[in-house]
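Below is one structure, written out as structure tokens, with a few remarks after it.
The values are calculated or read from the model by the stated rules, or taken from the named source; none is laboratory data. Values in this document were obtained by computation on a predicted structure and should not be read as measured data. Note that each Cβ is placed from the backbone with ideal geometry, even for glycine, and that neighbours are counted across all protein chains shown.
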Amino acid sequence: MTIIDLVPHMDAGDRNEWMIDQNVRPLTKLGRRQSQAQADALTEALEGARRGEKIEALYSSPALRSRETLEPLAESLGLEIAVVDGLGDNETWRVADGWDHEHNRGANVAPYAAGMAMSALWDIQFAHPDARVVGCSHGHVIPALVSFLIAAHDLEDVPELERRGQWYRIRMDGADVVSIDLHEAPDFPS
């Protein structure tokens with residue numbers, strides 16, 4: 001069983017105020033504090049996990065803010081952060097004609113982004129068939145992916161991400177998604 005903790009990047013300010021390439025938009029000071037709190041929450045979650053379980057790999061969208069979100073965790077675990085395009089913030093995220101908004105969990109993301117993220121999850125699962133990994137993506141990609149997974153695998157609905165410090169734990173058995181749970185870091189900086 002592969003366990004993927006999928007977190008949204010931490011605070012990076014207003015995307016509309018960033019006039020250059022969005023992939024180089026960094027975290028704010030608050031975002032850096034949130035990244036440390038997220039790393040602490042993920043590390044603490046392991047303490048209640050199976051004996052000897054550890055985070056084996058870290059995956060990020062190409063965006064600087066996503067990589068920076070995982071940096072405190074990477075430093076504490078001594079792991080490198082692998083960049084995966086499929087977890088990225090695509091400019092194709094606007095809703096396509098005919099997209100089922102009811103199953104889009106309110107996010108403004110086209111099926112393309114969910115499909116790209118799902119392909120990335122399969123690649124990650126294939127590389128780590130019996131491990132725990134952490135991935136970082138974007139606040140509009142993750143809801144579309146979760147919506148897609150719930151529908152495609154006939155899973156029970158889960159609450160939406162409402163704030164930073166929340167993340168989804170996705171359990172995969174081969175290509176099958178077995179469960180998705182929402183988790184939350186306590187006392188998260190906002």
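Listed values, structure above:
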| read-out | value |
| --- | --- |
| Condition met for Phe126 (of a type in the set (A, V, I, L, M, F, W, C), out of contact with any Phe, Trp or Tyr (no Cβ under 8 Å at 6 or more places or on another chain), in a helix (DSSP H, G or I) and surrounded by fewer than 19 Cβ atoms within 10 Å (Cβ to Cβ)) | yes |
| When residues of region 1-21 are limited to those that are outside any loop (DSSP other than H, G, I, E, B) and exposed (fewer than 10 other Cβ atoms within 10 Å of the Cβ), the one modelled with the highest pLDDT | Glu17 |
| Cross-chain or 6+ apart pairs with Cβ under 7 Å, region 114-130 first and among the hydrophobic types (A, V, I, L, M, F, W, C), then surrounded by fewer than 15 Cβ atoms within 10 Å (Cβ to Cβ) | Trp122/Ala175 |
| Unique residue being at pLDDT 95 or above and in a loop (DSSP other than H, G, I, E, B) when the list is Leu70, Leu79 | Leu79 |
| Top-ranked residue in region 22-34 [being part of a loop (DSSP other than H, G, I, E, B) and not hydrophobic (A, V, I, L, M, F, W, C); ranked as modelled with the lowest pLDDT] | Arg25 |
| Criterion (modelled with pLDDT under 90 and either of a type outside the set (Val, Ile, Thr) or surrounded by fewer than 21 Cβ atoms within 10 Å (Cβ to Cβ) (or both)) met by exactly one of Ala120, Ala110 | Ala110 |
| Residue in region 82-94 that is modelled with the highest pLDDT, counting only those that are of a type in the set (Asp, Glu) and surrounded by fewer than 21 Cβ atoms within 10 Å (Cβ to Cβ) | Asp85 |
| Residue identified as in contact with a Phe, Trp or Tyr (Cβ under 6 Å, 6 or more places away or on another chain) and either surrounded by 17 or more Cβ atoms within 10 Å (Cβ to Cβ) or modelled with pLDDT under 95 (or both) among Ala45, Ala37, Ala63 | Ala37 |
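Residue by residue, here is whether (1) farther than 25 Å from Ser35 by Cα; (2) surrounded by 16 or more Cβ atoms within 10 Å (Cβ to Cβ); (3) more than 16 Å from the chain's Cα centre (by Cα) holds:
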| site | (1), (2), (3) |
| --- | --- |
| Leu145 | no, yes, no |
| Ala152 | yes, no, yes |
| Arg163 | no, no, no |
| Arg169 | no, yes, no |
| Gly174 | yes, no, yes |
| Leu182 | no, no, no |
| Ala185 | no, yes, no |
